[in-house]
Amino acid sequence: MNEHQVHSQTGGDTRRGFLKKTATAAAAVAATGFLKTPVYGQNTAPSANVAGANNKITLGFVGVGRQGLTAHLRAILQDAAANNVAAAAISDVSKHRVDEAKQVVTAAGGSAEGFADYRKLLERKDVDAIFCATVDHWHGRVTVDALNAGKHVYCEKPMTRYLGEAFEVHDTVKKTGKVYQVGSQGCSDQKWHKAAEWVKAGKIGKLVMCQGSYMRNTPKGEWNYDIETWCKPEDVDWKTWHGEQIKTHSDFSPEDYFRWRKYYAFCGGLLSDLFPHKLHPYMLATGNPAFPSRVAAVGSKLCHTDLSVPGTPERDVPEILQMIVEFPDGMVMHMTSSSVNETGTQELMRGQKADLYMGSNRVELKPEKPFADEIDPETSPAFPPEFIPIHQKNFFDSIRGGAQPNANIDLAIRVQTVISLAEMSERLNIMCRFDEKTRKIMDGTGKELAALTYGTLELS
């Protein structure tokens, strides 16, 4: 999730408005207690450093840019007492951002040690869990290192840049038994859990199709964030931010630093930034999230919005993208995203006997006409809207209680497989098939394909 999403969810552009509404959402959770044990996932052992419900959780923050500072650090400090957590350590490749984050902690009555190297943060034995909000191509490495250091991990979506890294994260979570949550807060919106309950109960018959969209219309180009004057070679450790894994974009570039979501070297664009917010909850709502069997995606860049801003390089990634996924049971999912048209599709889960309408804060069950005499219409209660602090609280509760969080590793790896295969399909102009037992990718003819990774393609 990025800064624009924070604004769209809170209905305003001010930090005060964001904090006010997130605090209200957290209070609603505390009052209703609606976050129960997730409907999906197995139990895992709680942290050795957090033995009981009343023990404080000490946090480290790796990456404190737009998302890491506002949606995570500031919001968590707002509810620190209620959640019994404390911010103890900050890491970022920018000196400016480390200093800013430390000042935020100090203003909240605490103190935090700052690090340029996140590995030094992980050496602190008192840090129980980290929030990773780095650029996408560091998600995998930071997460694996943190898990191996004995930390629980909340990692912003996407899970990783490429699929090979995602399976490394998956295997490390399983090996260490630590709690892992991916930052797709829709998974902590209870309407999706209610949909999963109804699907598993057979209320709509066989689930046959799902459809959803995440649409925007940004005339001057999505992700063309302001370039701050403090971003200079003496402030940003460019070598570390860039990373040895990236084979292009080697020179120091404020354009890359602030607008990295536009470029394949660092991000999959719409697939990495917006699709996860739909894929995670929809796959959770199936009641039995599965790996994909076939994935096809088509994207285009027909409006060239970046050209409307003089001196702004054009993006690598598409401005519109549509994806179709088939799962082993035959259910098909269709997802659409855009940065040049904001009209969304009907949010819908289609069953043979009835449909679930997901477009509001409740679930509406409507029978298909041939089964109107067999199936009764039904509407769930209204649930609180999705908010990041609710998802963060679910992470904290999971650390203390031993239950898997709502966007746990089993869901995350399946979603990332869909995303990664969709990127391969779109960029290579093929349909991708997947075998979950062997983790192999094939084209439509059955020919095995190597998964995309750093340096595979010219723009990677």
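Structural remarks
- Prolate/oblate/rounded label for the range 64-133 (Cα gyration tensor, a/c 1.5): oblate
- Each residue, residue 326 and residue 197, gets one label point 7 Å from its Cα in the Cβ direction; the gap between the two is 3.4 nm.
- The Cα trace of the chain gives Rg and Dmax of 21.3, 71 Å, the first to one decimal, the second as a whole number.
- The listed peptides 213-219, 107-113, 254-260, ordered by packing as a protection proxy, come out as 254-260, 213-219, 107-113 (highest mean of other Cβ atoms within 10 Å first).
- Dipole-positive endmost among 267, 54, 82 within the chain (Cβ charges, Cα centre): 54
- Note on residue 250 and residue 445: the extension gain reaches 66.5 nm, defined as 0.36 nm multiplied by sequence separation minus the Cα-Cα distance.
- Listed by chain and number, the aspartates and glutamates whose alpha-carbon sits under 13 Å from that of residue 369, ignoring those within fewer than 8 places in the same chain, are 355.
- Label point of residue 342 set 7 angstrom out along Cα-Cβ; within the range 372-404, no amide nitrogen lies under 18 Å from it.
- Dimensions of the range 372-460 based on its C-alpha atoms, expressed as ranges along the principal axes with the largest first, amount to 48, 46, 27 Å.
- Charged-residue dipole, Cβ positions (Lys, Arg, Asp, Glu), the range 90-161 about Cα centre, Debye nearest 20: 140 debye
- Cα convex hull volume per residue for the range 176-285 (Å³): 186 Å³
- Extending 7 Å from the Cα toward the beta-carbon at both residue 437 and residue 372 defines two label points whose distance is 4.6 nm.
- Flagged links, alpha-carbon separation over 25 Å, of 191/366; 151/247; 56/102: 151/247
- The distance between label points at residue 99 and residue 168 comes to 3.4 nm (points 7 Å beyond Cα on the Cα→Cβ vector).
- Take every DSSP beta bridge whose two residues both sit in the chain; close to 55 percent of them are antiparallel.
- Packing-based ranking of 171-181, 75-85 yields 171-181, 75-85, ordered from highest to lowest mean Cβ neighbour count within 10 Å.
- Stretchable slack from residue 228 to residue 117, in nm (0.36 nm times residue separation minus alpha-carbon distance): 37.7 nm
- Nearest-20 debye value, the chain charge dipole, Cβ charges on Lys, Arg, Asp, Glu: 900 debye
- Of the residues 258, 210, 150, the one whose Cα sits farthest towards the positive end of the charge dipole of the range 138-287 is 210 (charges of +1 on Lys and Arg Cβ, -1 on Asp and Glu Cβ, taken about the Cα centre).
- Solitary cysteines of the chain, where the nearest other Cys Cβ is not under 4.7 Å: 187, 210, 231, 267, 303, 432
- The range 75-130-the range 344-367 distance, computed between alpha-carbon centres (Å): 41 Å
Values quoted throughout were computed directly from the atomic coordinates according to the rules given, and no laboratory measurement underlies them. Given the structure is predicted, the values throughout are model-derived calculations rather than measurements. FYI the Cβ positions are ideal-geometry reconstructions off the backbone, even for glycines, and counts take in every protein chain you see.
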